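Peer 1: There's a structure below that I have some questions on.
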Amino acid sequence: LLAAVGAVIYDGYLDRHPEEQFAPDPEKKTLVVLGTGWGSVALLKKLDTANYNVVVISPRNYFLFTPLLPSCTTGNIEHRSIMEPVRQILRHKKAAVKFYEAEATKIDTARKVIKIHDNSDVKGNINETEVPYDMLVIGVGAENATFGIPGVRENSCFLKEIRDAQAIRTKIMDCVETAAFKDQEQSEVDRLLHMVVVGGGPTGVEFAGELRDFFDEDIQKLIPDIAHRFKVTLIEALPNVLPMFSKQLIDYTESTFKEEHIEIKTKTMVKKVTDKTVEAEVTGPDGKKSTITIPYGLLVWATGNAVRPLIKDLMAQIPAQKESRRGLAVNEYLVVQGAKDIWAVGDCAVAGYAPTAQVASQEGAFLARLFNNMAKTEALEEKVRDLSASLNLKPGNTAEAAKEIEDTEKQLRRIKDIKPFHYSHQGSLAYIGSEKAVADVAWLNGNVASGGKLTYLFWRSAYLSMCFSTRNRVLVALDWVKAKVYGRDVSR
Ligand code: NAD
């Protein structure tokens, strides 16, 4: 507790030095960073902002700790506990960084400018403008994949942003209160209390687990007369859920879901969604296909990522990106193939890794090292030039200056020798409900797979330690205690 209090004081007061921040130097190169997600924030955290004029553009003025987003849908964690304001992050940097809350709508590589649009509710006189760049880092993430399936956008909830989690939280209670309405028809009660999740990746699995906990631990106590009618169904097109986990953990997850009465429908591909039903094609054990219709109260769509229009437009401008389908193809230094002075990180980049937070944050940290080195290299090259010039002017100091040149050149060689980006996989974790989690963690030269209650404690401590700030850590821990002692807040 003392350590936590100490850390809060340190984070909150002692580490503040905005008055000492120096202003951006217009002589320096302008480095524009798009996005405030895992990749961009990892870059900003480690970047020496004194070397560039740094400008950050994002429609979101906060960083979101996405691994705990499913917990926000039921009120196990309050949404502000996993948000960290970007301005709070930037105020700790050595040199001031400009932040514009706006959406980048076009990247013009020929003119090296970015068109930005202010899409906030309060309108000023200027809503659209351009920002020039010398160097550009794109970390805008991806959007929700719907595969053009009819009715998905209109009728389902996604689980990517904080407003999605809030919408789900409201909708769950809306369904519950409507199901509890006087004289409600029995078939309607069943429909309203049927929560359907499409997509058996970690997002869908974690959400299904959180949902079941919410009903078992809270709704059961508060509205016992309808709680037993509550049902969760997880629909997955592939033969099993969590394909990135080992077979043993997939089996464990499936058997835990069975105990929790979460129905998993595998080999079931959703083809159409209406306001009250989901239509899916099921492939039977004999390979025969049939169509089923499932009534639902809440539908959560978690079928992975699709490329954002901004990225599609940029790819269309670069012939070398023609073959790329899933995002911006980058080389081993995360440079966008076929473009000059543009780098990409996270879910919008295709670097040969899964689109995870872990990959994005390692990419961001790598770019920070690369840019810090590039600035140091330029400074040392200038020093060598100056020393060589002084050598010509003052022949008396030859030996001393020559030694300094040699030392500087040695330093330069060391700095320039930056290895390509290499992702180091630490493991995968997922919460599966009933205070159980699964983990595939890298250990020595192999992998350790575990599942159960102890893994859940590991999951909690790992996520707590990964939170952005001590403030976030304290808030999340307090939320967990609060939900355990008083129950989740079911007000709508
Ligand atoms: P995902 O891409 O991992 O899974 C989506 C699933 O939806 C797939 O299994 C796919 O077969 C299924 N699907 C697609 N269309 C369908 C349809 N019409 N009907 C039924 N099923 C359909 O998506 P995600 O869970 O959102 O994860 C996205 C990325 O983020 C992944 O790389 C994942 O590893 C990562 N992530 C990791 C964690 C974690 O480690 N805890 C948590 C969340 C996300």
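The values are calculated or read from the model by the stated rules, or taken from the named source; none is laboratory data. Worth saying up front: this structure is predicted, and the values here are computed from it rather than measured. Note that we place each Cβ from the backbone using ideal geometry, even for glycine, and neighbour counts take in every protein chain shown.
One line per residue, one yes/no per condition, for (1) in contact with a Lys or Arg (Cβ under 8 Å, 6 or more places away or on another chain); (2) hydrophobic (A, V, I, L, M, F, W, C); (3) in contact (Cβ under 8 Å) with a residue 60 or more places away in the chain:
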position	(1), (2), (3)
E78	no, no, yes
L90	no, yes, no
V113	no, yes, no
N125	no, no, no
E128	yes, no, no
A142	yes, yes, yes
R153	no, no, no
I162	no, yes, yes
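Peer 1: Buried (at least 17 other Cβ atoms within 10 Å of the Cβ), within 23 Å of the chain's Cα centre (by Cα), not aromatic (F, W, Y) and not assigned by TED's automatic domain parsing to the domain that holds L68: does that describe A449?
Peer 2: no
Peer 1: Any idea which residue in the stretch 190-226 is nearest to the ligand (Cβ to nearest atom), counting only those that are buried (at least 20 other Cβ atoms within 10 Å of the Cβ) and β-branched (V, I, T)?
Peer 2: Once the filter is applied, the top-ranked residue is T203.
Peer 1: Grab the strands (runs of 3 or more DSSP E) fully contained in the stretch 362-453, keeping just those with 1 or more residues being over 30 Å from K484 (Cβ atoms).
Peer 2: Answer list for the stretch 362-453: 436-443, 446-452.
Peer 1: Hey, A401 hits all of (1) modelled with pLDDT of 85 or more; (2) touching a helix residue (DSSP H, G or I) at 6+ places or on another chain (Cβ under 9 Å); (3) away from the ligand (no atom under 16 Å from the Cβ) but one; which does it fall short on?
Peer 2: Only one criterion is unmet by A401, namely (1).
Peer 1: Just the residues that are over 12 Å from the mean Cα position of the chain (by Cα), more than 10 Å from the ligand (Cβ to nearest atom) and assigned to a loop (DSSP other than H, G, I, E, B), please, taken from the stretch 337-361.
Peer 2: Q337, G338, A339, K340, D341, A351, G352
Peer 1: Of the conditions (1) within 21 Å of K258 (Cα to Cα); (2) surrounded by fewer than 20 Cβ atoms within 10 Å (Cβ to Cβ); (3) among the polar types (S, T, N, Q), S461 satisfies every one except a single condition; which number is it?
Peer 2: Answer for S461: the failing condition is (1).
The rows are residues; the columns are (1) of a type outside the set (K, R); (2) touching a residue at least 12 places away in the same chain (Cβ under 8 Å).
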position	(1), (2)
E382	yes, no
A389	yes, no
K416	no, yes
G451	yes, yes
T455	yes, yes
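Peer 1: Looking only at the stretch 259-275, count how many residues are more than 14 Å from G200 (Cα to Cα) and touching a strand residue (DSSP E or B) at 6+ places or on another chain (Cβ under 8 Å).
Peer 2: Counting residues in the stretch 259-275 that are more than 14 Å from G200 (Cα to Cα) and touching a strand residue (DSSP E or B) at 6+ places or on another chain (Cβ under 8 Å) gives 5.
Peer 1: Any residue that is modelled with pLDDT of 95 or more, touching a helix residue (DSSP H, G or I) at 6+ places or on another chain (Cβ under 8 Å) and not in a loop (DSSP other than H, G, I, E, B) - is there at least one of those in the stretch 8-19?
Peer 2: The answer is no, given that none of the residues of the stretch 8-19 is modelled with pLDDT of 95 or more, touching a helix residue (DSSP H, G or I) at 6+ places or on another chain (Cβ under 8 Å) and not in a loop (DSSP other than H, G, I, E, B).
Peer 1: To continue, here is another question. Which residue, of K160, K171, is out of contact with any Pro (no Cβ under 8 Å at 6 or more places or on another chain) and within 16 Å of the ligand (Cβ to nearest atom)?
Peer 2: Testing whether each residue is out of contact with any Pro (no Cβ under 8 Å at 6 or more places or on another chain) and within 16 Å of the ligand (Cβ to nearest atom) leaves just K160.
Peer 1: Can you name the residue in the stretch 227-256 that is touching a residue at least 40 places away in the same chain (Cβ under 8 Å) and over 30 Å from Q426 (Cα atoms) and, of all such residues, is surrounded by the fewest Cβ atoms within 10 Å (Cβ to Cβ)?
Peer 2: Result: R229.
Peer 1: Within the stretch 21-77, considering only strands (runs of 3 or more DSSP E) that don't extend past its boundaries, which have at least 1 residues that are small (G, A, S), at pLDDT 95 or above and away from the ligand (no atom under 16 Å from the Cβ)?
Peer 2: 53-58
Peer 1: Which one of T105, T146, T178 is more than 16 Å from the ligand (Cβ to nearest atom), under 27 Å from the mean Cα position of the chain (by Cα), modelled with pLDDT of 95 or more and among the polar types (S, T, N, Q)?
Peer 2: On inspection, the qualifying residue turns out to be T105.
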